[in-house]
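Just so you know, all these numbers are worked out from the coordinates, no wet-lab data involved. Model, not experiment: these values are computed from the prediction.
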Amino acid sequence: MTTTNGLLLIDKPAGLTSHDVVARVRQVLHEKKIGHAGTLDPMATGLLVLAVGPSTRLLRFAQSEVKRYGGTVALGAATDSLDADGTVVAEMAVPALTIDVVQRVAQSMLGAQHQTPPMVSALKVGGRRLHELARQGIEVEREPREINITHFQVAATADRTTWDFEVECSVGTYVRVLLSDLAERLGTCGHLVALRRISSGSHHVDDALTLDELSARLASGDSPVRAPRGFVEHLEHAEVGEDAERRMRMGQVLSLEGTFRSDEIAAVNLRGELVGILRRRGDQWKPELVLADRPAHGRG
């Protein structure tokens with residue numbers, strides 16, 4: 001029987017929005033309650049972390065994870081969307097560049113910084129999506145957001161105007177803005193022609209299923225949905241006995257043995273299933289989130 005509560009990793013194809021992927025997964029799983037962590041643009045491919053059923057309440061843990069991407073930037077032409085789906089709005093000559101020069105500039109872009117979201121994005125300003133305003137030729141002021149770039153490597157290709165890259169960044173980073181800024185610092189302009197999300201936190205695209213593979217797994221009677229615990233492996237864990245689990249489900253505070261560094265920890269029962277999230281309150285722990293007690297096939 002198919003598990004309808006937990007973590008699902010999908011390898012998103014190009015041409016679909018993240019919402020399109022969620023809609024298709026809802027159909028094949030026959031489960032309405034599905035959400036995703038970290039939107040991918042239609043041209044982008046790669047890892048999309050989905051939460052199924054009650055586990056949608058755990059999405060915030062996946063949304064805050066560090067992301068790693070690989071891709072390709074084309075220099076010499078800028079588009080209105082900063083990627084290959086947009087319309088060319090400017091062209092510039094590309095100076096003679098060596099790998100040392102390009103890599104040195106990329107390294108100068110590491111660390112904490114502020115980035116202004118692009119107009120062609122799903123962010124809302126005044127209740128309207130920025131990309132909707134952009135299609136009407138309207139540009140509005142966007143609040144810069146703090147991001148952190150922890151890894152930025154480039155590699156030359158056979159075409160001197162095209163460079164491959166790999167970047168690791170904090171949540172909320174627009175990689176197409178980062179690469180547009182790189183092009184500007186190199187004395188030209190540029191746009192993304194390929195982007196693939198490789199990982200999000202501990203989740204890797206190598207462990208993800210394509211939509212066709214998902215359907216095949218379901219047809220064979222196998223459940224592709226992982227246990228909810230997969231969302232919080234990075235948290236400290238506390239094992240709770242049957243009485244403590246019962247009290248936690250009733251919303252009562254708990255006293256736990258052991259020392260915990262964090263103020264927020266994951267509580268698992270004696271079967272290793274995630275019961276919920278506890279938050280420190282003085283010397284005790286208050287249930288912040290408790291998952292529904294599902295049938296055996298949906299536990300974890």
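General observations
- Computed on the Cα atoms alone, the convex hull of the range 159-285 gives a volume of 179 cubic angstrom per residue.
- Kirkwood-type radius of the chain, with distances r between different C-alpha atoms, in Å: 21.3 Å
- Averaging 1/r across all pairs of distinct Cα atoms in the range 42-85 and inverting the result yields a Kirkwood radius of 13.6 Å.
- The aspartates and glutamates within cross-link reach of K67, meaning a Cα-to-Cα straight distance under 12 Å and a gap of 8 or more places when in the same chain, are E166, E168.
- Note that the range 160-167 has calculated 3J(HN,Hα) couplings of 5, 9, 10, 10, 8, 8, 9, 9 Hz, one per residue in order, obtained from phi through the Karplus relation 6.51 cos²θ - 1.76 cosθ + 1.60 (θ = phi - 60°); glycine and proline are x.
- One compactness figure for the range 235-298 is 1.03, namely its Cα radius of gyration divided by 2.2 N^0.38 Å.
- Structure-based [θ]222 nm, the chain - -39500 (n - 2.57) summed over DSSP H runs of at least 4, per residue, nearest 500: -5500 deg cm²/dmol
- Annotation: aspartates and glutamates with alpha-carbon distance below 15 angstrom to K32 (same-chain offsets under eight excluded): D20.
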